[in-house]
Amino acid sequence: MGVDATTYREAMSRLGAAVNVITTGDAGSRHGLTASAVCSVTDAPPTLLVCINRAARARDSFVVGGPICVNTLAHAQKAVSMAFAGPLEMEERFVSGSWTTGVTGAPILEQALVSFDCLVSQVVEVGTHSVIFCAVQEVGLGDPAEALVYFNRTYHGLPHGQP
């Protein structure tokens, strides 16, 4: 007994998730893609994971064990998400948004809701995806804003609640 891929993908479309632009590289060769498969693993030591399709053009740049940044997008940054999800060449993607460099050397989106500047600590291959474990080296907290989430195959805004 098992679940077919079509049913599984439909079920996963109903699982809302934050939209992130995942980046790596340095000033000479930057790579990035849009991903929603990101989650915390532990806070001691701070670690998160990112799942990247093994067929993704940028995948090889992420699994070599170097720097990686998870940039969580605000609703106003939908165009950044689209640029990193589309057919643009890698360097063309970075025209969207303003970029700086983190302590690891990874590209960081200056206006991200939050950025997790990391080093790849482990990669596990599971089915069609690479699961990349990322040791967080620095966190950048952006200005509070409406979050960009992906649910039911479309973008939505998630209001920023005041604590």
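The values are calculated or read from the model by the stated rules, or taken from the named source; none is laboratory data. Remember, predicted model here, so these are calculated numbers, not experimental data. Note: ideal-geometry Cβ built from the backbone for every residue, glycine included; neighbour counts use all protein chains shown.
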- Message: Anything in region 100-148 that is of a type in the set (Asp, Glu) and either touching a helix residue (DSSP H, G or I) at 6+ places or on another chain (Cβ under 7 Å) or assigned to a strand (DSSP E or B) (or both)? List them, or say none.
- Response: Asp117, Glu125, Glu138, Glu146
- Query: Can you tell me which residues in region 30-86 are under 14 Å from Val149 (Cα atoms), among the hydrophobic types (A, V, I, L, M, F, W, C) and part of a helix (DSSP H, G or I)?
  - Reply: Ala76, Ala79, Val80, Met82
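Which is basic (Lys, Arg), touching a strand residue (DSSP E or B) at 6+ places or on another chain (Cβ under 8 Å) and either modelled with pLDDT of 95 or more or surrounded by 11 or more Cβ atoms within 10 Å (Cβ to Cβ) (or both), of Arg14, Arg54? I'd like the intermediate steps shown before the answer.
Values: Arg14 fails: either modelled with pLDDT of 95 or more or surrounded by 11 or more Cβ atoms within 10 Å (Cβ to Cβ) (or both).
Just one listed residue meets the conditions, Arg54.
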- Among residues belonging to region 107-139 that are of a type in the set (Asp, Glu) and more than 14 Å from the chain's Cα centre (by Cα), point out the one that is surrounded by the most Cβ atoms within 10 Å (Cβ to Cβ). Glu138
- Item | Out of Thr6, Thr42, sole residue that is more than 18 Å from Thr128 (Cβ to Cβ), surrounded by fewer than 14 Cβ atoms within 10 Å (Cβ to Cβ) and over 17 Å from the mean Cα position of the chain (by Cα) | Thr42
- Query: Is one or more of the residues making up region 61-78 more than 13 Å from the chain's Cα centre (by Cα), among the hydroxyl-bearing types (Ser, Thr, Tyr), crowded, with 16+ Cβ neighbours inside 10 Å and under 24 Å from Val41 (Cα atoms)?
  - Reply: yes
- Message: Residue pairs, Cβ under 8 Å, 6 or more apart or interchain, first in region 43-54 and over 17 Å from Ala17 (Cα atoms), second small (Gly, Ala, Ser). List them.
- Response: Pro45/Ala135; Pro46/Ala135; Thr47/Ser40; Thr47/Ser121; Thr47/Ala135; Arg54/Ser130
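Just to be sure I understand, how many residues within region 28-51 are closer than 19 Å to Thr101 by Cα and in contact with a strand residue (DSSP E or B) (Cβ under 7 Å, 6 or more places away or on another chain)? Let's see the steps before the verdict.
Here is the first cut: in region 28-51, the residues closer than 19 Å to Thr101 by Cα are 28-34.
Next cut, in contact with a strand residue (DSSP E or B) (Cβ under 7 Å, 6 or more places away or on another chain) only: 30-34.
Matching residues across region 28-51 total 5.
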